[in-house]
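Notes to accompany the following structure.
Bear in mind that the values in this text are calculations on the coordinates, not laboratory data. As the structure is a prediction and not an experimental result, all values here were calculated from the model. Note that we place each Cβ from the backbone using ideal geometry, even for glycine, and neighbour counts take in every protein chain shown.
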Amino acid sequence: MFKSKKMYKEKEDNRLLSEIDKVQTKINNLHVIQEHAVDISDEMLLRVKTQKAKHRFLYKQARNRNVKAN
């Protein structure tokens, strides 16, 4: 029984880390687009802001769960 709980925790921890990586990649891509854009729209700024908030939330969740990246 304890093995299965540990297995589920590890699975969720890995999912959390992969989601953090995905969000970080999206943020980096949006920053590259902003650097090359002539005119930055409000929608683009809103996307960056929401992705940063999502990243902050996921990062706090990972810290609360004591998740460490390999």
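Below are the figures for this structure:
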quantity: Using alpha-carbon coordinates, inclination of helix 42-64 to the longest axis of the chain, degrees; calculated: 20 degrees
quantity: Qualifying trypsin sites (Lys or Arg not before Pro) for the chain [loop in DSSP, other Cβ within 10 Å: at most 15]; calculated: ARG65, LYS68
quantity: Within-12-Å neighbourhood charge of SER4 [Cβ basis; K, R +1; D, E -1]; calculated: +4
quantity: MRE, 222 nm, helices only [DSSP H, n ≥ 4, -39500 (n - 2.57), over the chain, to nearest 500]; calculated: -30000 deg cm²/dmol
quantity: 0 to 90° range, to nearest 10: angle between helix 2-36 axis and the chain longest Cα axis; calculated: 10 degrees
quantity: Estimated FRET transfer efficiency when R0 is 22 angstrom, pair LYS9-ARG56 (beta carbons, to 0.05); calculated: 0.50
quantity: Dipole moment magnitude, nearest 20 debye, the chain about Cα centre, only Lys, Arg, Asp, Glu C-beta charged; calculated: 740 debye
quantity: Cα principal axis extents for the chain, largest first, Å; calculated: 57, 17, 14
